[in-house]
Amino acid sequence: MQLIDGKSLSKKVQANVSTEVEKLKREKNIVPGLAVILIGDDPASHAYVKMKGKACENVGFYSITHNMPDTISQDEIIATIKMMNDNPRIDGILVQLPLPAHIDTQKILEVIDPTKDVDGFHAYNVGRLVSGMDSFVACTPLGVMKMFEGYDIDLKGQDVCVVGASNIVGKPMASLLLNADATVTVTHIYTKDLKSHTLKADIVIVGVGVPSLIKADMVKDGAIVIDIGINRIADGSLVGDVDFDNVSPKCSFITPVPGGVGPMTIAMLLSNTLKSAQRRA
Ligand code: GUN
């Protein structure tokens, strides 16, 4: 069993981004800029946004966070996004999800200028991804692809089971895998027999937010298991969606939580924001 070390891989990505930022500053006098919109006081969202801001600082980006109360109106959020669309210092706009129940998430995401949509959530970018065209791609699934690349894992013809069909993770993950010539099964909460699908797969990718959903009897020997879940359990520790202790001995490769996909998500956000700034240059 080999651990896929997202922490060290993300450091390499960040080092590359830093080098490119230096070059952009030197040659074009451009500093990549990221605007984050954070609504409400969900502790997990605050923690993620803090990490994103710190990562921006580390690679030399300009970054701003718009912190708004969860009583804010949809129109006020839209006005803020439009301001960021028109701000030439901003290359990337990220609205931290989930949004409060009274806000129409899809409507908000569609206001973001697709050329600044570094989260890859705008329908323009989703459509381009599905069509196999160059686009901004959601950071978590893009980070998973970077892990496969970093560990020389060839996806062509592999049977991959994606557990979870969210717009943020499962659906873009499935598109990326299809584009890489894998055979993809996507399961979700209405799937009748989850185990029958995961057990057949060469690669299982799970991101649903259910601690220890994937048990040892659900994966075949030699499987590659990618755990996107980050769950805080009663004792305060962080665990993934995979029963790591029992599943890992069966795997050829597995990602840990923490230190797996999480750091890669942030690295891809930096990478996407840099890409946007390079286009501007
Ligand atoms: N909430 C959970 N994951 C993400 C993400 O990748 N981007 C944004 N904007 N919100 C999230």
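The values are calculated or read from the model by the stated rules, or taken from the named source; none is laboratory data. On a predicted model such as this, the values are computed, not experimentally measured, just so you know. Note: ideal-geometry Cβ built from the backbone for every residue, glycine included; neighbour counts use all protein chains shown. Heads up: the accessible areas ignore ligands, DNA and RNA and are worked out on the full protein's heavy atoms, side chains in. Shrake-Rupley method; radii C 1.70, N 1.55, O 1.52, S 1.80 Å.
Per residue, the average separation of C-alpha pairs within less than 8 Å and at least 6 apart gives the range 108-262 a relative contact order of 17 percent.
Dipole size of the range 91-199 about its Cα centre, with +1 on Lys/Arg Cβ and -1 on Asp/Glu Cβ: approximately 320 debye, rounded to the nearest 20. An oblate overall shape is assigned to the range 11-93, the ratio a/c of its alpha-carbon gyration tensor axes (a ≥ b ≥ c) being 1.5 or greater and a/b not exceeding b/c. Note on the chain: with charges restricted to the Cβ of Lys and Arg (+1) and Asp and Glu (-1), its dipole about the Cα centre is near 620 debye. Summarising the amide proton neighbourhood of residue 201: residues at separation of 5 or more, or on other chains, whose placed amide H is nearer than 5 Å comprise 220.
In the chain, helices alone account for a calculated mean residue ellipticity at 222 nm of -13000 deg cm²/dmol, with every DSSP H run of four or more residues adding -39,500 (n - 2.57). Backbone phi angles across the range 174-182, fed through the Karplus curve with coefficients 6.51, -1.76 and 1.60 (θ = phi - 60°), yield HN-Hα couplings of 4, 5, 4, 5, 4, 4, 9, 6, 7 Hz in residue order; Gly and Pro are listed as x. Charged side chains reduced to their Cβ positions (Lys and Arg at +1, Asp and Glu at -1) give the range 1-137 a dipole of some 640 debye around its Cα centre. If you take the Cα centroid of the range 54-81 and the Cα centroid of the range 194-220, the two points sit 36 Å apart. Selection among 162, 209, 35 by position relative to the dipole of the chain gives 35 as farthest towards the positive end (Cβ unit charges, Cα centre).
Express the relative contact order of the chain as a whole percentage, based on alpha carbon pairs under 8 Å and six or more residues apart in sequence.
23 percent.
Between the exposed loop cleavage positions of the chain, defined as trypsin sites (Lys or Arg not before Pro) in a non-H, G, I, E, B DSSP state with at most 10 neighbouring beta-carbon atoms within 10 angstrom, the longest gap is 1-155.
Between residue 44 and residue 210, the contour length at 0.36 nm per residue exceeds the alpha carbon distance by 58.2 nm.
Close amide H contacts of residue 242 (hydrogens built in the peptide plane, cut-off under 5 Å, sequence separation of 5 or more or a different chain): 212, 213, 214. The relative contact order of the range 1-138 comes to 22 percent, based on Cα pairs under 8 Å that sit 6 or more residues apart. Taking 0.36 nm per residue of separation and subtracting the current Cα-Cα distance, fully stretching the chain between residue 57 and residue 71 would add 2.1 nm. Using the 1.4 Å probe convention, the accessible area of the chain works out to 47 Å² per residue with neighbouring protein chains retained.
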